[in-house]
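K.L.:
Below is the structure I would like to discuss, written out as structure tokens.
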Amino acid sequence: MAKDDFKNRLTFSSPEKKTTTKSVTDLLLGISDNVDSKGLEFTIVALDLIDPLFSFHHSFEKTVNKGIEKLADKIRAQGVLEPVILRQYLRDGIKRYELLAGHRRCMAARLAGLTEVPAVIVNVNDANAKLIATDTNLEHREEILPSEMADAYKLQVEALKQQGKQRDFSPDSIDKSFRHILPKVKEWSARGLVAALNGISVKKVACYLRLNELNQELLDLVDDKQIPIYAGADLSHLSMQQQQWICEILMNNERIKITSDLAVSLKDEKENLISKAIIEAILNPPAQETKEHPPKPTYKKALRNVEKNIKKLPEEQIRKIELMDEKTLQEIILVAIQNYVTNH
């Protein structure tokens, strides 16, 4: 395709998404309401000179291959209408390019038999590279998994913190490219800025960020829609050991479904979930109990009664208990509970 013809068709915003404001990538590339994408300098780059993103991990690896054949067919018919975004670097003295945006377009172009693609070469730091890489995918992907969204927002938070080089954000700390979002900022923090940049609530950003604290098994269940997103965010407050116990319980009983109410209960009882058996009692109550009215855990009252009964022991035994360190005493109680549950 001729260069001038390509410039007339150049676009950086997804045609499926009608937006009234410019995207993060548009702003970083200098595309404003008064300067459109046709004013950008672009070039044609051989696919053999383009390397996958390597400066930081790619947030969208799970779905990168989805629908790639369909995209390849479209490229065979129309060519690559939107340029990829590259960052130049040297390897063994040879000029090469790191792919910031356009992974699917490059994959599809190769499948379509192309050897080169139109590209915009940018000279940006790692912080802005992260913003470009995440923004273009959030803009263009038809389907994004919760885990991918969570990781993308995490990268954006990291990028904004790198830019600000400070913990406290203020209007003066924002990159001049993003000054237009000032009226939309509801919370002066990195996540507040991410919310404003993406046009979503701070609560939603916070929820997705929490998903990054889940173990892989639970995160996969969120992606598979077996655990609601907000329930996953609540479960992320549990320790890795507690999360692993939940995974084992779910694996052994497919009938158990993690609802939002159950996740909140587990989060609220976090300090008392000292064994797998206790968690299972919450997730899988006795048959006579209904799912609408799960049983109230009795172990909290039982543990309080243990303390009362210790005071009734002979004085010599009380002194021995008082000399024990907290960890040892906790292990004794935990082993006693586990032995009872195992043998009854």
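The values are calculated or read from the model by the stated rules, or taken from the named source; none is laboratory data. The structure presented is a predicted model; accordingly, all values stated were derived computationally and were not measured. Because the Cβ atoms are built from the backbone with ideal geometry, glycine has one as well, and the counts that use them run over all protein chains shown. Quick note on the areas: whole protein, heavy atoms, side chains included, nothing else; ligands and nucleic acids left out. Shrake-Rupley method; radii C 1.70, N 1.55, O 1.52, S 1.80 Å.
K.L.:
Need pairs with beta-carbon distance below 7 Å; first residue closer than 15 Å to LYS276 by Cβ and within the range 319-335, second among the β-branched types (Val, Ile, Thr) and surrounded by 11 or more Cβ atoms within 10 Å (Cβ to Cβ); sequence gap 6+ or separate chains.
P.N.:
Short answer, once both residue conditions are applied: LEU334/ILE274.
K.L.:
If the requirement is being surrounded by fewer than 18 Cβ atoms within 10 Å (Cβ to Cβ) and touching a Leu at 6+ places or on another chain (Cβ under 6 Å), which of these qualifies: LYS74, LYS62?
P.N.:
LYS62
K.L.:
Could I ask something else about it? What is the number of the single condition among (1) part of a helix (DSSP H, G or I); (2) open to solvent by 20 Å² or more (accessible area, probe 1.4 Å); (3) closer than 28 Å to ALA263 by Cβ; (4) modelled with pLDDT under 85 that ARG210 does not meet?
P.N.:
The single condition ARG210 does not satisfy is (4).
K.L.:
Turning to a different aspect of this structure: For the range 243-290, enumerate the residues that are in a loop (DSSP other than H, G, I, E, B), open to solvent by 70 Å² or more (accessible area, probe 1.4 Å) and under 23 Å from ASN212 (Cα atoms).
P.N.:
The answer is LYS257, and nothing else.
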